[in-house]
Structures are given as structure tokens and as C-alpha cells.
Amino acid sequence: MDVKKLLKKMNLEEKIGQMLQIAPHNFISKSDTKIHGFEYDLGLTNKQVFSAGSVLGIGNAKEQQELQRKYLNDSRLKIPLLFMADIVHGYETIFPIPLALSCSWNTDTAFHSARISAVEASTAGIQVTFSPMADLSREPRWGRVMEGYGEDPYLLSMFVRAMVKGYQQDDISAKGNIASCVKHFAGYGAPIAGLDYNTVDMSRLSFYQTYLGGYEAAIDEGSKMVMASFNTFDGIPATVNQFLMIDVLRNQLNFNGVTITDYDGLNQVIAHRVAHDQREAAIQGVEAKIDIEMASSCYMKNIEKLIETSIINENDINAAVGRILSFKNELGLFDNPYGHANIDDEKRLIKSKEHLAKAKEIAQECAVLLKNESNILPLSNNSKVAVVGPYATSKSTNGVWSWKGSINDNISLSEALINQGVDVVYINGENPLPTDIDMLREIDIVICALGEDIEKTGEAKSIVNLELPLFQVEWIKLAKILKKKVVTVLYNGRPLVLNNIDQSDAILEAWYLGSKSNEALTDLLIGKINPSGKLTMSFPRHEGQIPIYYNHLTTGRPFNKDVHNIYTSFYLDCERTPKYPFGYGLSYSKFEYENMIMSDKEIYLDESITASITITNKSNVAGYEIVQLYIQDEVSKIARPEKELKGFKKILIQPYETKTVKFNICIKDLSYINSLGETKYEYGRFIIMIGSNSNNVQKKYIFFKENNNEDKKYTW
Ligand code: BGC
């Protein structure tokens, strides 16, 4: 399709239509699509509706085909509709929530889950997914941390890349692929006080060093679309923020693809009180080069007049529509408007045996063993077990943003344990504790299946209390009164404050692992699979510590436990460290790290050196260990974090085997980004750290020098 020629044939109304995205129910009365936003009447005429260029969600292949057919019948130029939807962690085969996925520290899990999501969603006629969410977050109060990949920019970027690759592969028009729209540009994961949609107030330094990398990685990997975020940035809503949308996105990151607002985002500029009305919002949107307006009608109702009165230049509209049409062309829609929607493929591929098997395998990698006193786990063969608490009988393990997933496909933890032959002698999924506790007496282990209500996680689900409700903790207390061992399995979508479940002998962080959650967890509990996940967000001891994250700066008065000095940076009423740090997670194996070696003490420009360490599995259980590399720039022009993740490896170590792990360190790993977004290199001393988590590392020093004659240690 020659987009330029097509553009010339289009009248203004048709062009403006391309810039509107609305939900299917505007076109057809009934639809299976779940909308994640406040629905109100946009006041569009039937003609305007049928000029819209894209659709937010679609129920299935049949619905897509019917809608596309109806639309094209009435359309003068036969420009197909484009179907986009939130396929965040699976279509009908549901994978672990993204936060859990990142705890696998294996980007293959992201790639394969995105692949399968793309295969399933494309059979239903979806051509673009609003994923990955590349918003870095240090805010467990914010319900959307479940949708992200943790607190670290490096790890986040790796996962985001794998997701984009999994959805798109190398060709968005090919069967089984869909295009990715990275979101929410930018800074949405840093709302003040963890309150969703709240103001974001960050320095340019934080923006460039910490928050931008995730979106940049997605764009670099070829993500075709970018969604603007709801928040303000420097006081200007991101949707119309020209620094973000033009200076950074278009100019610094060279993004030439299509931008879209978030749901009703352009209209919300009025609520932010940065525009008086929809007319002003439309002007600001066009000026920020926002191509598609989702679920509001500022463009549709105003652009024509704004062009007539020369307030908006039609060339800007042509540029936006040109981008949209080129994208439709790249998706192959002009040749085949239905994309890969296919009822037979839907039946054959969605929730296929292979897809579900992969979902289970991935889920097994994502749970994190937080505690395992006296090796109470794995369960021994002859243990008599009780399974209690709200998740004992619940199948609700998909996690939100899985609108096509059905919990009826899942099984509960008690069912899964029974299926694996565990001697489950008592099950109680009801809230009130039993009055008759006699049956609990013959039990060896009480598995408390506790957690957050799924509806307390996700968009608009901010909370201030991160502790489990008391009625849930009562189960642990009761078990302890009866002198039973307690294994707590936690289902949640954010780091929680876990002090009140400290009495548990073992804690398995289960997150929401999707369709195969409880089968996967059972394999871990019985030791068929050895847990290997590690945390990608710090777990605080108290809500008052938030935001708490491992890669913080030092202060001028750092706390030193060995020196008595009250004028240091500490809390009077709480330790300053997290309860469980970033990178932490246990295994049934016992790994010992020793003998860290650097290939050289000095590194010069354009060189690289190797850091290695040996790890021995001092147990009779084979297991995967996630080995982490951190670096600290000791002294630099601007304060640098205490440590930053620069590499990781997940390796299988057989019983009593010793393996050497090597990391290649290059000059790029020693660089930092300044407040203008420029990469800077400074000579001097660096601390190289390798360990099992961010709080347990071995250290070596290296010098970065300009050349081996001169010691430029302290010059820049
Ligand atoms: C969310 C987006 C989502 C959009 C469309 C919004 O409320 O913030 O992440 O893609 O709805 O469903």
C-alpha cells in the first residue's frame, strides 16, 4: 500500500478518525472485552464511531471478523480497523504476573510467555498488545507493581526486551506475532506516596539514570508503539508533555512509531487543570505528537475547526495519520484486514497442552522461597498435612490483567497437593477459624495459604497497609499453639510487610503464577522441583521505610553499626535494612561462594576484564543458583549508588559440584548517565561485587585508567 497516495485521497474527517480509538461496544452492542477505565458516553455520532481507526479490545476471532466486515462495508477507502488489547501476562493461558516473572531471573520465561500470548491473542484477531509495562517502581503501595519487572533498571530492561522480542519476533505481520506498545511513558511507576495516578516529581538525574532505561530498551528492541502515562511530569501531564514526547521520545530515543494516550488520558489534561477544555487538550496533544487518542474525543470533536482556524497545521495531522497508516501497512492489514483471526486456530492453539505445560514450567521458576527453617521444606513423604486459609480452596491465582483467563481452568492448592499424593487430612478455606480443632491434632504440618485479595492489586489499587489481615494470621497462631510446623504460601502482587507471619517455619512467595500456579507450587513444596526464584523488589520491614530499594545513594552521615553515633542516617524505631533484600531467595540446595578472582586489577579504555567466582553445591539436591554481579563507582563527580546490578547468571549445579561463574566487565559497565541523559566515563577505583543477593556479596577492587602509563585515578 502506498501510504502517501492513500493519505492524499483521505478527507479531513477520515484522517481524524484514524486518530481515535474506542472500545468495541461503541460499534456492537455486546462484547466480551473488559475495559480498565471509567466508561462514559463520548457523545460520538454513528458516523464518527465508524470512522475510528482502532479498537480497544475484542472478544474473539468471530467478533473481530464481524466487526471488521461491518466496518469495511461502510468505509469509503476501506482502511481496516486495528485491534489492540491488554495482553499482559497471557491471553487464555495465563502466565505469572510480570513481577513474578522477573523473579525467575531468566529472560526466557518472558520471551516464551510473550510468544505464547502472541500466538493465542493473534488467533483472536488482536494485532497490538499494550505491553510490556516498562515502569520501574520502588513503590509497593502502588497496585501496579505487579505489572512491572521490579526495582532495578538493568533487570527490568532485560525483561522488557525479552517481552518485545517474544511478541513481535522479527516481523509483526507474520502469523503468530503481534506488535508491542510499551507503556506508560514516562515515570508512571513513581507516583508520590504510591497513590495511583498521583503526581510524579523526580529529578532529571533520576529520570535518565533510573526510570528511562526500561522504555528505551523496549524501543531499542523495536517496540512499535508507545503509550503516554497518566501522571504529570514537571507539572505537565505526560500525554502533552513536549519534553517527554518530543525531546526525549522522538529526538533522543529516535522513536518514529505511533504514540497513543492512555485511557481517556487526553481528556484528563483538563482534570490536571492544564487545559480549560477539550479544544485546548486537542491542541496540546497534537503539539506533543500524540497520534491516537484512546477513549476520549478531544481530537474528533475539535481538530477540524482548529485546522479551519489555522490553530493546528494540517501537516501535523498528516504526519500523525501517516505514522498510523504505515503501521497498519507494516502489520499487513491492507492485504489482510482480519490479520490472523481464525476460529479454527483459536480452538487448536488457545490453552493447548503445550502452552499449559510451558505455563507450569515458567511458574515453577518464579516462586521465591523466603524462609525454610530446619529444612521443613520439601515436605517429607509421610507428613500429614492441613491446608488452610483463603487460598486453600481458591482457584484465583491468575492475577489481574488476565481478562481472558478463566479461574475455572485452574485448581486450588489443596486439590493440587492431593493430586500429587500428599496426605492432606484437613482443608479449611473459610475465614473463621474452626471451633473444633481436634482434627488438627494429628497433623504434622499446617500449610497456610494466605495472601492479598486479587482485587487489591493492579490499576487503581493503592494501599497503605501492607500486612496480611489479622484473620489470616490467626491461622498461624492457632497452628503454633498446637505446636505444629507452619509453611506459609503467600499469594500476592506486591512486596508485603511480613512481620506478623514470622512464626512460620517456611515461607514460599507464590505471587500469582497463572493458570498452572498451584500445580507448580505443589512441585516446589514436595521437592519435585527445587525453588530458584529471587526477589526483584525489596520487602520492607515496615511501610514507613518505603521507598526502600537496594541501589540507593549513601548519605553524608551513613549509619555504621560498629560506631556509636546518633547523628547518622537510621530510624529510631526500625532497622534501616529491608526484611528481604533485592536478589534474595533460598533453595533446597546449599550454595557456597568462594575465591572471587579478577583477571586484572586495571582496566583501560575499550578493554574488558573478567570477574569470576566458584560456587559449590554443598547438598545432595541439584539446584539453580542466580549469581549476581554488582558494581560501585567509589568516587565520582555525582553521588553514585552503593551498588548497581550489572550482570547475573542462572546456573544449574549438581550435588557437591563446584562451578566457576565468569562475568565480563567492560567500560560501559563502569559508566553512568548524567542529568542531560549523556553517558559519562570517569577514571578511578571501582568495587566489583559478586554474590547470592544484593546484601551478600564478595568484593574486589579495580582501577579504570586512561592508559597504563598514567595514573589518572582522581581526574576526570
Ligand atoms: C491502563 C493501561 C491500559 C489501558 C487500556 C488504562 O487504564 O492504564 O495500562 O493499557 O487502560 O486498557
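The residues in the stretch 161-186 that are within 16 Å of the ligand (Cβ to nearest atom) and assigned to a helix (DSSP H, G or I) can be counted, and the count is 3. Exactly one residue out of 291, 264 is within 16 Å of the ligand (Cβ to nearest atom) and at positive phi, and it is 264.
Residue-wise test of (1) closer than 26 Å to residue 356 by Cα; (2) within 16 Å of the ligand (Cβ to nearest atom).
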position: 439; (1), (2): no, no
position: 443; (1), (2): no, no
position: 461; (1), (2): no, yes
position: 477; (1), (2): no, no
position: 498; (1), (2): no, no
position: 503; (1), (2): no, no
position: 529; (1), (2): yes, no
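Restricting attention to the stretch 5-30, the residues that are surrounded by 14 or more Cβ atoms within 10 Å (Cβ to Cβ) and more than 26 Å from residue 325 (Cα to Cα) add up to 0. The set of residues from the stretch 375-424 being surrounded by fewer than 23 Cβ atoms within 10 Å (Cβ to Cβ), charged (D, E, K, R) and closer than 21 Å to residue 511 by Cα comprises 395, 409, 415. Listed by first and then second residue, the pairs with beta-carbon distance under 9 Å, at least 6 apart or on different chains, first residue in the stretch 151-165 and on the phi > 0 side of the Ramachandran plot, second buried (at least 24 other Cβ atoms within 10 Å of the Cβ) and part of a loop (DSSP other than H, G, I, E, B), form an empty list.
The C-beta contact set for the stretch 246-275 (first residue closer than 25 Å to residue 43 by Cβ and touching a residue at least 60 places away in the same chain (Cβ under 8 Å), second residue within 16 Å of the ligand (Cβ to nearest atom) and in a helix (DSSP H, G or I), distance under 8 angstrom, 6+ apart or interchain) comprises 262/239. Restricting attention to the stretch 559-588 and to residues that are touching a residue at least 12 places away in the same chain (Cβ under 8 Å) and of a type in the set (A, V, I, L, M, F, W, C), the residue that is nearest to residue 102 (Cα to Cα) turns out to be 582.
Restricting attention to the stretch 512-564, the residues that are of a type in the set (D, E, K, R), more than 16 Å from residue 360 (Cβ to Cβ) and under 25 Å from the mean Cα position of the chain (by Cα) add up to 3. Of the residues 561, 477, the single one that is among the basic types (Lys, Arg), part of a loop (DSSP other than H, G, I, E, B), out of contact with any strand residue (DSSP E or B) (no Cβ under 9 Å at 6 or more places or on another chain) and over 17 Å from residue 585 (Cα atoms) is 561. Here the stretch 77-91 is the region considered, the condition is being aliphatic (A, V, I, L, M) and within 16 Å of the ligand (Cβ to nearest atom), and the residue that is nearest to the chain's Cα centre (by Cα) is 88.
In the stretch 226-239, the residues that are under 13 Å from residue 273 (Cα atoms) and assigned to a strand (DSSP E or B) reach residues that are modelled with pLDDT of 95 or more and within 11 Å of the ligand (Cβ to nearest atom) with C-beta atoms within less than 7 angstrom, at least six apart or across chains, in these pairs: 237/268. Considered as a group, the residues in the stretch 31-64 that are of a type in the set (Asp, Glu) and in a loop (DSSP other than H, G, I, E, B) include one that is surrounded by the most Cβ atoms within 10 Å (Cβ to Cβ), and that residue is 32.
Checked against (1) of a type outside the set (Lys, Arg); (2) in a loop (DSSP other than H, G, I, E, B); (3) over 17 Å from residue 488 (Cα atoms), residue 393 meets all criteria but (3). I'd like to know if the stretch 338-354 contains one or more residues that are crowded, with 17+ Cβ neighbours inside 10 Å, farther than 20 Å from residue 128 by Cα and aromatic (Phe, Trp, Tyr). Scanning the stretch 338-354 turns up no residue that is crowded, with 17+ Cβ neighbours inside 10 Å, farther than 20 Å from residue 128 by Cα and aromatic (Phe, Trp, Tyr).
Restricting attention to the stretch 583-629, report how many residues are assigned to a loop (DSSP other than H, G, I, E, B), touching a strand residue (DSSP E or B) at 6+ places or on another chain (Cβ under 7 Å) and under 28 Å from residue 685 (Cβ atoms). Summing the residues that are assigned to a loop (DSSP other than H, G, I, E, B), touching a strand residue (DSSP E or B) at 6+ places or on another chain (Cβ under 7 Å) and under 28 Å from residue 685 (Cβ atoms) in the stretch 583-629 gives 5.
Every condition in (1) part of a loop (DSSP other than H, G, I, E, B); (2) within 16 Å of the ligand (Cβ to nearest atom) holds for residue 141 except the one numbered (2).
Across the stretch 187-202, the number of residues qualifying as in contact with a Ser or Thr (Cβ under 6 Å, 6 or more places away or on another chain) and away from the ligand (no atom under 11 Å from the Cβ) comes to 5. Only residues that are among the β-branched types (Val, Ile, Thr) and in a helix (DSSP H, G or I): list them for the stretch 71-121, please. Those that are among the β-branched types (Val, Ile, Thr) and in a helix (DSSP H, G or I): 107, 109, 116, 119. Of note, residue 699 satisfies the criterion of being of a type outside the set (A, V, I, L, M) and either surrounded by 15 or more Cβ atoms within 10 Å (Cβ to Cβ) or closer than 30 Å to residue 591 by Cα (or both).
Applying a threshold of 6 Å to beta carbon distances and a minimum spacing of six or more residues, or different chains, the list of pairs starting in the stretch 462-491 at a residue that is without any contact (Cβ under 8 Å) to a residue 24 or more places away in the chain and ending at one that is assigned to a loop (DSSP other than H, G, I, E, B) reads 480/503.
From the list 2, 41, 74, the one residue that fits, being out of contact with any strand residue (DSSP E or B) (no Cβ under 9 Å at 6 or more places or on another chain), acidic (Asp, Glu), more than 16 Å from the ligand (Cβ to nearest atom) and under 19 Å from residue 327 (Cα atoms), is 2.
Taking residues in the stretch 600-619 that are without any contact (Cβ under 8 Å) to a residue 40 or more places away in the chain, and partners anywhere that are outside any loop (DSSP other than H, G, I, E, B), the pairs with Cβ atoms closer than 9 Å and at least 6 places apart or on different chains are 618/591; 618/592; 619/591.
Residues that are within 30 Å of residue 203 (Cα to Cα), within 16 Å of the ligand (Cβ to nearest atom) and touching a strand residue (DSSP E or B) at 6+ places or on another chain (Cβ under 8 Å) are absent from the stretch 273-286.
Pick from the stretch 651-662 the residues that are surrounded by fewer than 19 Cβ atoms within 10 Å (Cβ to Cβ) and within 21 Å of residue 694 (Cβ to Cβ): which of them is farthest from the chain's Cα centre (by Cα)? Among those residues, the one meeting the criterion is 662. Of note, residue 458 satisfies the criterion of being in contact with an Asp or Glu (Cβ under 8 Å, 6 or more places away or on another chain), buried (at least 20 other Cβ atoms within 10 Å of the Cβ) and outside any strand (DSSP E or B).
Go through the stretch 570-591 and count every residue that is surrounded by fewer than 12 Cβ atoms within 10 Å (Cβ to Cβ) and within 33 Å of the chain's Cα centre (by Cα). Qualifying residue count for the region: 1.
The values are calculated or read from the model by the stated rules, or taken from the named source; none is laboratory data. This one's a predicted model, so the numbers in the text were calculated from it and none came from an experiment. Here Cβ is always computed from backbone atoms with ideal geometry, including for glycine, and neighbour counts include all displayed protein chains.
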